[in-house]
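The values are calculated or read from the model by the stated rules, or taken from the named source; none is laboratory data. Values in this document were obtained by computation on a predicted structure and should not be read as measured data. Heads up, the Cβs are rebuilt from the backbone with ideal geometry, glycines too, and the neighbour counts pull from every protein chain shown. Accessible surface is based on the protein model in full, side chains and every heavy atom, while ligands, DNA and RNA are left aside. Shrake-Rupley method; radii C 1.70, N 1.55, O 1.52, S 1.80 Å.
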Amino acid sequence: MQIVIHIDKMDYKELIDKKNLPRHIAIIMDGNGRWAKKQGGIRIFGHQNGVKSVNDVVEASAELGIQFLTLYAFSTENWNRPKLEVEALMGLLVSTISNELKNLTKNNIRLLVIGNIAQLPKNVRNKLLKTIEVTSINSGLTLVLALSYSSRWEINEAVVNIAKDIKNNTLQVEDINETVFKKYLSTSEIPDPELLIRTSGEYRISNFLLYQLAYTELYFTEILWPDFSKNDFYKAINDYQSRERRFGMTSEQITK
Ligand code: FPP
């Protein structure tokens, strides 16, 4: 049997147009479990190796001058995974944040979290809140971790809070519009992503930023998350830059 391995030797960083960078890139990091299985390891081994790719995309984004990078690190649905895997993921989060704090500061990176953080174990929550506070003065890349996050949870929260504000008379029904609604989402301070990347050959959005992805360019790759490199990230940005974003208008209107 002949096995053909395709090695992409192109240097995609060289090809990036620095004047047309997406302001916000969001990533669904998928395929850690399958990667581990291929190596003969348990799922946690895949998550541990996924941290290297996390560091790579954060560093690449900071170097390029991307303003926002959102990583789907733990979904609301991920709480249903085996207890051991959930505990390992929480442990990885704390250790990665501790290990990377110096690098966040060195690279002028600000940390934010979206999601139901009240559900997180106390040590994880405290570590996150402390890091958010320490890095709040940084003005470069904003790294947003989506943790215990799902869009349906987020939209539900927004509706509950809007109802509360109407009830206590701080909001009038006739004042609700898109701008006001967005203020009730976890991403109120964050622009919508221009580019969404999902690894591992799955073609789904999986309850991630459903409202915010309305006009986002979607990029899917077969590469499993622990194998996703800086060059793969640059390739996705190149692909984004080759697209025509029409926002419901015609091609002629855009190029005029
Ligand atoms: C999806 O792969 C990945 C996750 C649910 C967790 C992502 C976590 C990390 C990359 C490590 C820690 C992150 C940070 C930010 C420090 P999967 O387990 O669903 O893979 P599979 O689809 O192959 O089973």
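Here are some notes:
- Nearest-10 value in Å² for the accessible area of residue 96, using the 1.4 Å probe: 30 Å²
- Each of residue 210 and residue 177 was given a label point 7 Å from its Cα along the Cα-to-Cβ line. The distance between the two points is 2.5 nm.
- Looking at the stretch 155-245, the accessible area is 52 square angstrom per residue; that uses a 1.4 Å probe and ignores ligands, DNA and RNA.
- Low-density loop positions, trypsin sites (Lys or Arg not before Pro), the stretch 163-249 - DSSP coil, at most 13 other Cβ in 10 Å: 204, 243, 245, 246
- Over the chain, relative contact order from alpha-carbon pairs under 8 Å, at least 6 apart, %: 29 percent
- Cut-off 19 Å, label 7 Å out along Cα→Cβ of residue 133, residues of the stretch 74-116 by amide N: 94-95, 97-102, 104-105, 109-114
- Annotation for the stretch 186-250: GluC sites (Glu not before Pro) lying in DSSP loop with at most 15 further Cβ atoms inside 10 Å of their Cβ are 189, 202, 222, 244.
- Taken over the alpha carbons of the stretch 5-98 as equal point scatterers, the Debye sum produces base-10 log I(q)/I(0) values at 0.25 Å⁻¹ of -1.35.
- Solution diffusion estimate, µm²/s, Stokes-Einstein, the stretch 141-252, Kirkwood Rh from C-alpha pairs, 4 °C, viscosity 1.567 mPa s: 78 µm²/s
- Share of carbon and sulfur in the accessible heavy-atom surface of the chain [1.4 Å probe, %]: 52 percent
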